[in-house]
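Worksheet: one structure, shown below.
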Amino acid sequence: METPRFATLTLDDGRSIQLPMMTGTLGPDVIDIHGLSTLGVFTYDPAFFSTASCMSDITFIDGDAGLLYYRGYPIEQLAKDSDFIEVCYLLLNGELPSAAQKTEFSSLIKHHTMVHDQLARFFNGFRRDAHPMAVMVGVVGALSAFYHDSLDINNPQHRQISAHRLLAKVPTIAAMTHKYNVGEPFMYPKNHFSFVENFMYMMFATPAEDYVPNPILVRALERIFILHADHEQNASTSTVRLAGSSGANPFACVASGIAALWGPAHGGANEAALKMLEEIGDVSRVAEYVQGVKDKKYRLMGFGHRVYKNMDPRAAVMRETCHEVLQELGLENDKLFKLAMALEQVALSDPYFIERKLYPNVDFYSGIVLRALGIPTNMFTVIFAVGRTIGWISQWNEMIAEKGQKIGRPRQLYTGSPRRDFVAMTKR
Ligand code: CMC
């Protein structure tokens, strides 16, 4: 048995406490500061630079080495040899499925892809030009109102049904969001398609034409979903966990995750990166734009990451896919793609970016691929949300199943006014 290890913290008044050290299967040791409140002090770590908020078996990241594992499997292997539905099974259940388990899971998810017909009425309440993420937050949250039969979060079967419903219905809602935005009729799912083919069908087909998915493009979207499926305790996943810690239902929790994902520092970066490329407009303006970044007028969207300080392993896979897709579509000479490659080269060789360890992240390349697939820019973050739903729901499920799970409740360092007496209006 391992000898217990401790870190000793001594305050300037001489009081001291021994804090247990915890060791995971991979990654740095963690100091358990639970007991610290007995000294009447808290820790201060506002953006969670040095704080683990939970224990998790799902995803491992090593930011310095550029590693990402789902349930121990390297992302590169999953992106190359697996498919999204298999990765979903892995994240949710902890192990890769057998052939029979995969078939059963895939069929189960397919049979949950339709949404209640009344849900379609929610769309009419939104302006036609509403941002698709605004619609997603509302309509996914509204699922809570349709599935009262599976909302007992302490019942593992209910949690499982909700997980399957979310995984199956979020893509349908995402595609409906697009159709509403462009004024085309909603397309009902078709069960003979694979998960990703079906999503493309609901996005791009119309009742007037037959739709045959292009396997290279399906594979590219499959990869985008795999690469975005989970990313340990990022902002949106932490939001889902915090919302879920109060006992809120999973549909509401995932809606809160979608809201957190929307921001440009997180999932909104793919949309922001493409808008940035459009704004730069031409290779000749790259140097001038990069100077603006160095002058801190704006950030280079699709660059940098809180955890990856060497290379985003998802970006390496996405970069390869980007070349494959543009070749398949004959778009290698596309103006925006050339511009992106020029920007990538400048940033990778400029000391400003090297010193700050700013490398292209997955969203720099995924935006270019999504654009090539014909997905409108305002849908990019929605695509991220479709891929990340399985991560949110797996992490939520892991948390709820934990023994002794408690509501998340951070503390603060109060910096406001000390106690003072109310002043009557006439005396102010
Ligand atoms: N462009 C220019 N400078 C940057 C960038 C950037 N994209 N990102 C960080 N910096 C600079 C920043 O100005 C600071 O410089 P200095 O030390 O001179 O003040 C330094 O790098 C550290 O920045 P930070 O804000 O402390 O870093 P962070 O870890 O808090 O931020 C980040 C991480 C992802 C929010 C940030 O890199 C960023 O805003 N990137 C652009 C948005 C983006 O692409 N986000 C997608 C992340 S990957 C998808 C996902 O998982 O959500």
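Quick look at the values:
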{"read-out": "Sole exception among (1) modelled with pLDDT under 95; (2) part of a loop (DSSP other than H, G, I, E, B); (3) more than 10 Å from the ligand (Cβ to nearest atom); (4) surrounded by 18 or more Cβ atoms within 10 Å (Cβ to Cβ) for L217, by number", "value": "(2)"}
{"read-out": "Those residues of the range 318-353 which are more than 12 Å from the ligand (Cβ to nearest atom), touching a residue at least 24 places away in the same chain (Cβ under 8 Å) and touching a Phe, Trp or Tyr at 6+ places or on another chain (Cβ under 9 Å), in sequence order", "value": "R319, T321, C322, L326, L331, A340, V346"}
{"read-out": "Among (1) in contact with a Lys or Arg (Cβ under 7 Å, 6 or more places away or on another chain); (2) open to solvent by less than 40 Å² (accessible area, probe 1.4 Å) - the single one F251 does not satisfy", "value": "(1)"}
{"read-out": "Counted residues, the range 133-177 - those being of a type in the set (D, E) and open to solvent by less than 30 Å² (accessible area, probe 1.4 Å)", "value": "0"}
{"read-out": "So R371, is it touching a residue at least 60 places away in the same chain (Cβ under 8 Å), open to solvent by 30 Å² or more (accessible area, probe 1.4 Å), within 13 Å of L274 (Cβ to Cβ) and not hydrophobic (A, V, I, L, M, F, W, C)", "value": "yes"}
{"read-out": "Scope the range 61-82; condition small (G, A, S) and at pLDDT 95 or above; matching residues", "value": "G72, A79, S82"}
{"read-out": "Any helices (runs of 4 or more DSSP H) falling wholly within the range 33-132 and containing at least 1 residues that are open to solvent by 80 Å² or more (accessible area, probe 1.4 Å)", "value": "75-81, 99-110"}
{"read-out": "Tabulated pairs, the range 258-285, first touching a residue at least 40 places away in the same chain (Cβ under 8 Å) and within 14 Å of V382 (Cβ to Cβ), second basic (K, R) and more than 10 Å from the ligand (Cβ to nearest atom), C-beta under 8 angstrom, 6+ apart or interchain", "value": "L274/R371"}
{"read-out": "Scan of the range 358-368 for residues that are of a type in the set (S, T, Y) and open to solvent by 10 Å² or more (accessible area, probe 1.4 Å), ordered by number", "value": "Y359"}
{"read-out": "Residue that is away from the ligand (no atom under 16 Å from the Cβ) and either at pLDDT below 95 or not in a helix (DSSP H, G or I) (or both), where the choices are N198, N270, N191", "value": "N191"}
{"read-out": "Residues within the range 239-248 that are open to solvent by 40 Å² or more (accessible area, probe 1.4 Å) and outside any loop (DSSP other than H, G, I, E, B), tallied", "value": "2"}
{"read-out": "Filter pass, R285 being outside any loop (DSSP other than H, G, I, E, B), surrounded by fewer than 22 Cβ atoms within 10 Å (Cβ to Cβ) and more than 14 Å from the ligand (Cβ to nearest atom)", "value": "yes"}
{"read-out": "Odd one out for A229, checked against (1) touching a strand residue (DSSP E or B) at 6+ places or on another chain (Cβ under 8 Å); (2) among the hydrophobic types (A, V, I, L, M, F, W, C); (3) surrounded by fewer than 20 Cβ atoms within 10 Å (Cβ to Cβ)", "value": "(3)"}
{"read-out": "Residue in the range 393-413 that is in a helix (DSSP H, G or I) and among the small types (G, A, S) present", "value": "yes"}
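The values are calculated or read from the model by the stated rules, or taken from the named source; none is laboratory data. Quick caveat: nothing in here was measured; it's all calculated off a predicted structure. Here the Cβ is made from the backbone with ideal geometry for all residues, glycine too, and neighbour counts use every protein chain on show. Calculation scope for accessible area: heavy atoms of the full protein, side chains included, ligands and nucleic acids excluded. Shrake-Rupley method; radii C 1.70, N 1.55, O 1.52, S 1.80 Å.
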